[in-house]
1. Apply the a/c threshold of 1.5 to the C-alpha gyration tensor of region 3-84 and tell me whether it is rounded, prolate or oblate.
2. I want the local charge near K204. Using Cβ-Cβ distances under 13 Å, sum +1 for each Lys or Arg and -1 for each Asp or Glu among the other residues.
3. With a point put 7 Å past each Cα toward its Cβ, work out how far S137 is from V532 in nm, to one decimal.
4. Taking C-beta distances below 4.7 angstrom as the pairing criterion, name the unpartnered cysteines of the chain, in sequence order.
5. So how far apart, in nm, are the two label points at S64 and E84 if each is 7 Å from Cα heading toward Cβ?
6. Under 28 Å between alpha carbons, and skipping anything fewer than 8 positions from K116 in its own chain: which lysines qualify?
7. Could you calculate the contour length gain from I509 to S540, that is, 0.36 nm times the residue separation minus the distance between their Cα atoms, to one decimal place in nm?
8. By how many nm would the segment from Q130 to I431 lengthen if fully extended, with 0.36 nm per residue of separation less the alpha-carbon distance?
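Bear in mind these aren't lab numbers, they're just calculated from the coordinates by the rules spelled out. Everything quoted here is computed from the prediction, not taken from an experiment. For neighbour counting, all protein chains shown are included, and Cβ atoms are generated from backbone atoms with ideal geometry for every residue, glycine included.
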Amino acid sequence: MSDSVAKIPFFRLLLPAVTSITVSTFLFEIPCPRVFSIAGAGAMAFSFFISEKKQFACRWVFGSGLFVLIFSLFSMLFQQKMEESRYCFVNQPMACIGTVTDLPVEKPRSVACNVKISYPVNRKIVAYLQKEEKARSIDPGDEIIFVARINPLKNFGNPDDFDYARFIRNNGFSGCAYLSSSNWHPTGKEHVSLYVSAQKIRKKALGFYRMLGLDNDAYSFISALTLGYKHDLSNELQEAFRASGTSHVLAVSGLHVGIIYGFFAFLFSFLGKTGVKSVLKQLLLIAALWFYAFLAGLSPSVLRATIMLTIASVGKAGGKRGFTRNTLAAAAFFILFFDPVSLFNVGFQMSFTAVLAILSFNPVMDNLYRPKGRVKKYGWSLFSVSISAQAGVFPIALYYFGTFPTYFFIANMLVVPLIGMIIYACVPVMILEGLKPFQSVVVERLYPVFGWTMKALVHIVLRVVSFIETLPYAQLTGIDISAVQVILLLLTVVAAFNFFSRSRAGHLIAGLACSLAFVLTFTVGALSRNPVQLAVFNKSGFSDIGLLVEEKRLYFDVKEDGFIPHPSKSILRLSNNIYPDVKPPLPLEIDVLILSEDPSFSMMRLSNIFRAGETVLDSSIPPYGRIRLMRECEKLGISCHDVEQDGAYLINL
């Protein structure tokens with residue numbers, strides 16, 4: 001085993017875990033994982049009985065047994081996780097009892113709640129409550145009884161859509177349901193758990209921010225920054241942070257938890273760095289970190305960062321280096337142990353890649369330039385950390401989002417210090433708010449000062465981000481790369497940093513080879529492009545017809561009632577029932593008939609006028625109209641495609 005891997009013992013556990021989850025997801029389900037786990041444990045036990053003379057030659061026996069054991073164990077964990085989110089409801093209304101687990105989120109036409117059903121089956125669903133005061137007053141932990149048909153999770157079926165169904169299943173949800181006001185009622189019972197208690201505290205903290213008199217953008221920003229609550233962020237504000245390359249500050253993660261860690265490390269610095277007091281210091285830091293994680297609602301991103309720093313603190317308490325690659329591998333292993341599907345979470349991938357890039361690339365950056373003076377050192381440190389993290393993350397960001405923020409290094413150098421100041425300002429504001437009932441003169445004078453400081457810093461950050469977004473070429477968009485190209489980009493980045501670190505020709509050659517392979521993949525992709533397609537997209541309540549070009553939508557004028565141009569097919573779109581009494585001698589032969597908007601169409605009458613090879617019902621027709629038309633098509637033997645149920649309808653041009 002190489003020297004670098006030998007220094008990361010947890011990598012030996014993480015590798016079979018990641019391999020098992022990947023194989024189970026994309027290739028096949030591992031058969032009889034319990035048998036394999038027993039075989040692996042048996043091989044490990046057998047290795048202890050090998051004679052000393054053969055121990056070194058047969059050291060692979062223990063390693064192979066450990067690999068098989070971890071591989072099969074994570075296969076079982078993954079299968080169990082998938083079983084928890086499997087759809088198992090009947091296709092009819094059923095009575096259920098469940099508990100609201102998270103803060104309700106107000107949508108344009110409903111209030112979305114995450115509900116854990118306890119009867120008749122144990123499953124998690126997303127319940128959309130009819131928007132009214134009763135729905136707004138629901139709290140985490142409240143038990144409700146409801147009658148509804150729970151639908152399976154499904155996507156819109158458009159080829160360019162995000163796979164929302166898979167995303168929400170990976171979060172443990174099995175289905176969704178809409179509950180009208182008369183179909184659900186609170187039972188009056190309240191269930192208490194650690195997670196529910198965290199959500200209640202989070203709700204109180206959000207209420208506290210509301211009392212500060214912040215405008216909507218400032219309130220949503222401070223809520224996302226300190227509590228990880230992003231549901232109130234407007235699309236415009238999220239896009240501004242994304243374009244400036246500072247969207248990571250909106251998700252409570254390593255940066256925020258690290259700032260909290262630094263704050264409490266400073267408070268407990270009087271305990272020293274060695275001896276029993278140092279151990280006590282690390283225990284207090286761990287307690288402070290988990291209290292903050294509790295305050296932030298125990299969200300996945302917070303838990304990731306808290307677990308990382310907890311392991312680092314345990315290492316420091318034992319006299320070891322705090323944060324290393326082994327610490328990072330250990331944190332990833334334990335997170336995957338409790339939630340294997342986290343491997344496919346974008347936040348998980350980006351946060352661990354960013355930290356690994358900082359640990360690997362930042363020392364190289366520090367060796368390139370050694371500034372003198374505290375200000376120069378701080379500026380260079382901030383710049384090098386930002387460049388290192390972005391170097392590791394940008395291939396993944398391109399894969400998922402197709403964008404690259406051009407001025408990310410400038411934005412981060414301006415915004416990150418302000419983020420720390422805002423978080424530090426929030427702490428005394430909250431403390432002083434709690435001391436208000438004592439009516440102290442000191443509290444009355446300090447509270448406005450810290451409150452004004454926090455508000456001013458928030459508005460400065462928002463202005464900086466908005467200004468950078470408006471700069472020319474602030475964001476490169478439309479960059480779509482494949483998983484293979486992500487790997488090639490990452491290998492190129494690693495080779496480049498290794499070359500600057502060791503100046504070996506082999507690293508330069510490897511980097512150039514990966515770059516050439518990356519460029520060649522675009523050539524191969526251009527030769528195998530999908531044809532341009534006319535598409536009837538699924539957009540609930542709307543008629544959405546356009547072109548699909550390289551998985552991007554392009555629109556053109558489509559007549560409400562008339563033929564759509566096509567080189568070889570006759571495609572007619574009707575949006576109004578304008579032929580109720582027409583009786584031609586022979587039906588007009590057409591290839592595709594698209595019906596939109598008007599629910600009063602009659603397939604019997606239309607079949608007397610048009611003989612269509614395929615009838616398409618787009619998503620602008622109300623549900624009752626589509627159901628009736630589908631039944632009529634079935635009776636008449638007409639081929640019918642319901643966009644709402646079957647997904648987008650595509651025709652090659």
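1. Oblate shape, in that a/c is at least 1.5 and b/c is the bigger or equal ratio.
2. Here the count lands on +2.
3. Computed distance between label sites S137 and V532 equals 5.8 nm.
4. C32, C58, C88, C96, C113, C176, C426, C514
5. So the two model labels end up 3.4 nm from each other.
6. Here the lysines satisfying the reach criterion relative to K116 are K81, K107, K124, K131, K134, K154, K189, K200, K203, K204, K230.
7. That pair, I509 and S540, stretches by 6.0 nm at full extension.
8. Extending this stretch completely gives an extra 104.6 nm.
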